[in-house]
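Visitor: Please see the structure below; I have some questions.
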Amino acid sequence: MTVVRGLGLLLAFLLELAVLAIGARWGWALDAPSAFRLLAAIAVPLLLAALWGALGSPKARVSLQPSAKRAFQGGWFVLGGAMLALLGYAWLGLVLVVAWVAVAVLLRRAPETAA
């Protein structure tokens, strides 16, 4: 694995973790009683993690065609950006999506192994 690919994979992982954290924050920010907010703050990232593990991760349980996997991943990060926008951080949501696009392009262009 090249250094560039390793860095890209690390950045992708950190962005994935960011979406999980955003999901927890969004769940906690709901206009609801505290018990429901706590449940949402726990359930939303768990649901997101389950979806990622089943469909989006490199070792996903469900094998998708590469274009379908990229579409799922894009939608997942757009959802993270939308949750940030709903929290009042639309510009940060846009940064999240743009960062994911940049990392995805980097990983597609980076060689799998060093020459």
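The values are calculated or read from the model by the stated rules, or taken from the named source; none is laboratory data. Given the structure is predicted, the values throughout are model-derived calculations rather than measurements. Note: ideal-geometry Cβ built from the backbone for every residue, glycine included; neighbour counts use all protein chains shown. Quick note on the areas: whole protein, heavy atoms, side chains included, nothing else; ligands and nucleic acids left out. Shrake-Rupley method; radii C 1.70, N 1.55, O 1.52, S 1.80 Å.
Here is a yes/no grid of residues against (1) of a type in the set (Lys, Arg); (2) modelled with pLDDT of 95 or more:
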{"site": "2", "(1), (2)": "no, no"}
{"site": "35", "(1), (2)": "no, yes"}
{"site": "39", "(1), (2)": "no, yes"}
{"site": "58", "(1), (2)": "no, no"}
{"site": "70", "(1), (2)": "yes, no"}
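Visitor: Can you pull out the residues in region 65-89 that are open to solvent by 60 Å² or more (accessible area, probe 1.4 Å) and of a type in the set (A, V, I, L, M)?
Guide: Of everything in region 65-89, those that are open to solvent by 60 Å² or more (accessible area, probe 1.4 Å) and of a type in the set (A, V, I, L, M) turn out to be 71, 78, 79, 86.
Visitor: When you scan region 90-106, do you find a residue that is modelled with pLDDT under 95 and surrounded by fewer than 17 Cβ atoms within 10 Å (Cβ to Cβ), even just one?
Guide: Yes, that holds for at least one residue.
Visitor: Within region 8-38, restricting attention to residues that are farther than 18 Å from residue 74 by Cα, touching a residue at least 12 places away in the same chain (Cβ under 8 Å) and assigned to a helix (DSSP H, G or I), which residue is least open to solvent (accessible area, probe 1.4 Å)?
Guide: By that ranking, first place goes to 27.
Visitor: For region 39-64, enumerate the residues that are open to solvent by less than 40 Å² (accessible area, probe 1.4 Å) and under 18 Å from residue 87 (Cβ atoms).
Guide: 40, 41, 44, 45, 48
Visitor: Residue check, residue 58 against (1) more than 20 Å from residue 8 (Cβ to Cβ); (2) of a type outside the set (Ser, Thr, Tyr); (3) not in a helix (DSSP H, G or I), all met but one. Which one?
Guide: It fails just one condition, (1).
Visitor: Also: Residue pairs, Cβ under 7 Å, 6 or more apart or interchain, first in region 72-95 and at positive phi, second surrounded by 15 or more Cβ atoms within 10 Å (Cβ to Cβ) and not in a helix (DSSP H, G or I). List them.
Guide: From region 72-95, no pairs qualify.
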